[in-house]
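This report refers to the structure that appears directly beneath it.
The values are calculated or read from the model by the stated rules, or taken from the named source; none is laboratory data. Only a predicted model underlies this, so the values are computations on that prediction, with no experimental measurement involved. Counting neighbours? That spans all protein chains shown, and the Cβs are built from the backbone with ideal geometry, glycine included. These area figures cover heavy atoms from the full protein model, side chains too; ligands, DNA and RNA do not enter into them. Shrake-Rupley method; radii C 1.70, N 1.55, O 1.52, S 1.80 Å.
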Amino acid sequence: MWEVFLMRLWFKAPALIAACLAIAACGQKTINLPSDSAAYAQLATAAAPLEGQAYRIGDGDALRINVFQEPDLSLSEAVVDVNGNVTLPLVGDVSAVSLTSSELATELTGQLRRYLVNPQVTVAITRSVAKRIFVEGDVKKAGVFPLEGDVTLLGALAMAEGTSEIADTKQVLVFRTVGGQRYGAKFDIDAIRGGTAEDPRLAPQDLVVVGVSSSKQWVRNLIQLSPVFGSIFIALNQN
């Protein structure tokens with residue numbers, strides 16, 4: 001009886017697979033976030049408060065501090081410590097966190113006036129911890145990646161070594177927090193890759209989430225199970 005049941009199951013496998021795929025497609029969750037043109041409008045709205053804002057120094061940022069004609073006081077790399085300070089010769093610890101580079105240069109200039117005549121200080125941010133993006137979900141290498149220059153959604157996915165074979169490429173989410181308010185949008189990266197949709201530019205601290213496709217997951221599971229069914233069928237033929 002058991003052998004007969006397995007034989008029937010084997011011959012009905014194509015119909016079962018089709019039914020499973022249909023169920024999986026029906027069970028695929030649709031993320032209720034702005035999509036298509038509304039998704040781009042959402043990110044544009046979230047980006048508006050960021051436009052024109054000077055970058056403010058944060059913990060862990062690396063700075064290059066140059067004191068004109070004073071090489072002993074200049075630093076090729078000064079890392080902002082956990083207390084938000086940088087340490088400069090003669091001056092000691094100076095609070096740098098939440099200042100722009102020009103504001104910090106002005107502060108250091110004022111501090112150095114106690115020791116130098118007409119000091120001239122410039123500050124450049126060489127590495128920013130805050131300028132990073134987060135990619136998670138069904139990608140090959142989820143993680144935190146530096147945001148250097150203009151990075152688009154496809155660029156972020158490339159940093160994560162691409163999507164997995166079961167990723168839902170029509171529901172890729174981007175979340176952005178501005179002024180304590182969280183914005184979210186949904187993008188179809190198949191359309192972006194095909195050139196029929198724009199590749200959105202990301203901002204510091206953006207979170208990219210790639211969902212899983214239920215139908216693709218079913219197919220992968222069935223492929224993984226196919227050797228098992230094949231072994232059972234061979235064993236039945238040998239008995």
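Tabulated data for the structure shown
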read-out	value
Search result, residues across the range 81-136 that are of a type in the set (Lys, Arg) and part of a strand (DSSP E or B)	Arg127, Arg132
Evaluation of Gly92 against (1) free of Cβ contacts under 8 Å to residues at least 24 places away in the same chain; (2) at negative phi (one fails), failing number	(2)
Within the range 171-180, considering residues that are in contact (Cβ under 8 Å) with a residue 40 or more places away in the chain and more than 17 Å from Ala130 (Cβ to Cβ), the one farthest from the chain's Cα centre (by Cα)	Gln171
The range 70-82, residues that are in contact (Cβ under 8 Å) with a residue 12 or more places away in the chain and open to solvent by 40 Å² or more (accessible area, probe 1.4 Å)	Glu70, Asp72, Leu75, Ser76, Glu77, Val79, Asp81, Val82
Options Glu161, Glu136; residue that is out of contact with any Ser or Thr (no Cβ under 7 Å at 6 or more places or on another chain), at positive phi and at pLDDT 90 or above	Glu161
Hey, Ser101 surrounded by 15 or more Cβ atoms within 10 Å (Cβ to Cβ) and of a type in the set (Gly, Ala, Ser) or not	yes
Selected residue (only one of Ser98, Ser102 is in contact (Cβ under 8 Å) with a residue 24 or more places away in the chain and either closer than 14 Å to Asp59 by Cα or touching a Ser or Thr at 6+ places or on another chain (Cβ under 6 Å) (or both))	Ser98
So Arg193, is it under 25 Å from Ile125 (Cβ atoms) and of a type outside the set (Ser, Thr, Tyr)	no
Answer from Asp188, Asp150 - the residue that is of a type in the set (Asp, Glu), within 12 Å of Pro200 (Cβ to Cβ) and at pLDDT 90 or above	Asp188
Residue list for the range 157-169, filter: over 24 Å from Pro146 (Cα atoms) and touching a helix residue (DSSP H, G or I) at 6+ places or on another chain (Cβ under 6 Å)	Ile166
Filtered residues of the range 105-132 (kept if farther than 27 Å from Pro146 by Cα, touching a residue at least 40 places away in the same chain (Cβ under 8 Å) and crowded, with 16+ Cβ neighbours inside 10 Å)	Leu108, Leu112, Leu116, Pro119, Val121
From the options Asp199, Asp168, Asp190, residue that is part of a loop (DSSP other than H, G, I, E, B) and either surrounded by fewer than 17 Cβ atoms within 10 Å (Cβ to Cβ) or over 10 Å from the mean Cα position of the chain (by Cα) (or both)	Asp199
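Here is a yes/no grid of residues against (1) at pLDDT below 95; (2) of a type in the set (Gly, Ala, Ser):
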{"position": "Gln42", "(1), (2)": "yes, no"}
{"position": "Ala46", "(1), (2)": "yes, yes"}
{"position": "Pro49", "(1), (2)": "yes, no"}
{"position": "Gly52", "(1), (2)": "yes, yes"}
{"position": "Arg56", "(1), (2)": "yes, no"}
{"position": "Asn66", "(1), (2)": "no, no"}
{"position": "Leu73", "(1), (2)": "yes, no"}
{"position": "Gly84", "(1), (2)": "yes, yes"}
